[in-house]
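Everything below concerns the one structure shown next.
The values are calculated or read from the model by the stated rules, or taken from the named source; none is laboratory data. Since this is a predicted model, take the numbers as computed values, not measurements. Cβ placement follows ideal geometry from the backbone for every residue including glycine, while neighbour counts extend to all protein chains displayed. The accessibility values were calculated without ligands, DNA or RNA, using every heavy atom of the protein model including side chains. Shrake-Rupley method; radii C 1.70, N 1.55, O 1.52, S 1.80 Å.
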Amino acid sequence: MSLANGRPYLAIPGPSVVPDRVLNAMHRAAPNIYEGPLHDMTRGVIADLKTVAGTSGNVAIYIVNGHGAWEAANANLFSRGDKALVLATGRFGIGWAASAERMGVSVDVLDFGKSSPVDLDRVEAALRADAAHRIKAVLVTHVDTASSVKADIPALRALMEAVGHPALLAVDAIAAMGCDEMRMDDWGVDVLVAASQKGLMTPPGLGFVWFSERAKDRCRGGDLCTPYWDWLPRAEGTEFWQLFCGTAPTHHLFGLAEALTMILREEGLPSVWARHATLARAVWAAFDAWGAGNPQIALNVADPAFRGHSVTAARLGAPHATALRRWTEAEAGVTLGIGLGMAEPADPAYHGFLRVAHMGHVNAHMTLGALAVMEAGMKALGVPHGAGALEAAAKVIAGV
Ligand SMILES: Cc1ncc(COP(=O)(O)O)c(C=O)c1O
């Protein structure tokens, strides 16, 4: 007998839960791609994408995953030999650096480890040392999904201004878009990268690169900018096919349009951010309570100010995390995220890490349900844990 039967909950940090109405919006015949409703809807999607990012600038849509969106950003941002300063707070910061390096960009990585935020003093030192201003762009991950470390983007921009360094600021918001607050123009972000399968509640397959006028002007004519990656025709093309450099991703656009309506016109972006912040705090409260009874259980990021609101990385001590993940999926219908980049899969320590996602189409009962299932699993597996975790999480949800 298994208690997993019923609607399963995918609590992994992407692909996230796709709302039925998004799937329903995609379940339709292929449209006329030459004129008519698809063109009107796409114009609406482009306007909505600018709103969700907080920009009046430009956006290019690509048929890619997040790795492809990195490459699209790199191909437009840099020419071979240009210099990038990458601020890494986990696996994905390192990944973006490797992608740029493979494309011929000269990359300096400031690695802050797997559980610490960006150290602005080290960034300041690196920028001041670059007196010739060879660094063309600073690349940072808003929320690194592997570590759940969140970067303070306004503080980073303020530092770059204070130092007087002209570098562009490029942000990977793949795990944060539609979950954590983002104000691209207000925060002085020049290039912003995201993808469809997380906070934007649409199946994997679309990537987005927003870019400022400053980035547009500074990045014209780069030698990495091949036709398919070129963001200019995608953002400014007068013919519909130019927006996608060929055939449009029709059914993904229908789904995305529905998701953006849910975020912007029904719930409202500030409420979406607030919901994610509250669900994240409920998860943190539970882990703090569990950890009070077992020092092996702890959140990966100590300071709440630097924790993402869409995913929580934690350790339970090996082999408990993997055992718990297997138990919650097989016995209770909840799939939790693997620990990513915290230890190599061959290392026994790998089985001490997991992640709980709370991104996109996720509400209080799904989050409290996941926490309750985790507690049941700890009891079933004999993993020592502190009491009162669900009480603590429920208090956060209740706002008391
Ligand atoms: C922050 C971040 N950047 C980049 C990626 C890579 O995206 P994808 O797996 O879609 O290629 C991910 C995926 O999880 C991510 O979370």
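Okay, here's what the table says:
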| quantity | calculated |
| --- | --- |
| Over 26 Å [Cα-Cα, the chain], rounded percent | 53 |
| 0 to 90° range, to nearest 10: angle between helix 389-398 axis and the chain longest Cα axis | 50 |
| Solvent accessible area, Å² - VAL193, 1.4 Å probe, full protein context | 0 |
| log₁₀ of I(q)/I(0) at q = 0.14, 0.15, 0.23 Å⁻¹ - region 269-396, Debye sum with one point per alpha carbon | -0.55, -0.63, -1.53 |
| Surface per residue (accessible, 1.4 Å probe) for region 307-364, Å² | 34 |
| Length gained when the stretch THR238-ASN294 is fully extended (0.36 nm per residue, less Cα-Cα span) | 14.1 nm |
| On Cα atoms only, tilt of 37-53 relative to the major axis of the chain in degrees | 70 |
| Cα gyration tensor shape of region 1-111, rounded if a/c is under 1.5, else prolate or oblate by comparing a/b with b/c | oblate |
| Peptide ranges 125-134, 97-106 listed from the most packed, as the mean C-beta count within 10 angstrom indicates | 97-106, 125-134 |
| Highest to lowest packing among 116-122, 312-318, scored as the average C-beta count within 10 Å | 312-318, 116-122 |
| Spin-label pair THR247/ASP40, simplified geometry with 7 Å Cα→Cβ offset, distance in nm | 2.5 |
| LEU340 - accessible surface, heavy atoms, 1.4 Å probe, Å² rounded to 10 | 30 |
| Gained length - ASP121 relative to ALA380, 0.36 nm times residue gap less alpha-carbon distance | 88.6 nm |
| Using alpha-carbon coordinates, inclination of helix 153-163 to the longest axis of the chain, degrees | 50 |
| FRET efficiency, 1/(1 + (r/R0)^6) with R0 25 Å, evaluated for ARG28 and ARG265 via beta carbons | 0.75 |
| Residues whose placed amide H lies under 5 Å from that of LEU168, excluding near-sequence neighbours | ALA137, VAL138 |
| Per-residue ³J(HN,Hα) for region 191-204, Karplus 6.51 cos²θ - 1.76 cosθ + 1.60, θ = phi - 60°, Hz, x for Gly and Pro | 9, 10, 10, 8, 9, 7, 8, 10, x, 8, 6, 10, x, x |
| Whole-Hz couplings from phi, Karplus 6.51/-1.76/1.60, listed for region 299-315; x for Gly and Pro | 6, 5, 10, 5, 8, x, 5, 10, 9, x, 9, 10, 8, 10, 8, 8, 10 |
| Percent accessible area from carbon and sulfur atoms, region 200-305, protein chains only, probe 1.4 Å | 56 |
| Inter-centroid distance (Cα atoms) of region 196-226 relative to region 88-152, Å | 18 |
| Lysine pairs in the chain with Cα atoms under 16 Å, if 8 or more residues apart or on separate chains | 5 |
| Rg(Cα) / (2.2 N^0.38 Å) computed for region 31-266, rounded to two decimals | 0.98 |
| 10 Å binning of all Cα-Cα separations within region 88-162, expressed as whole percents from 0 upward | 19, 51, 29, 1 |
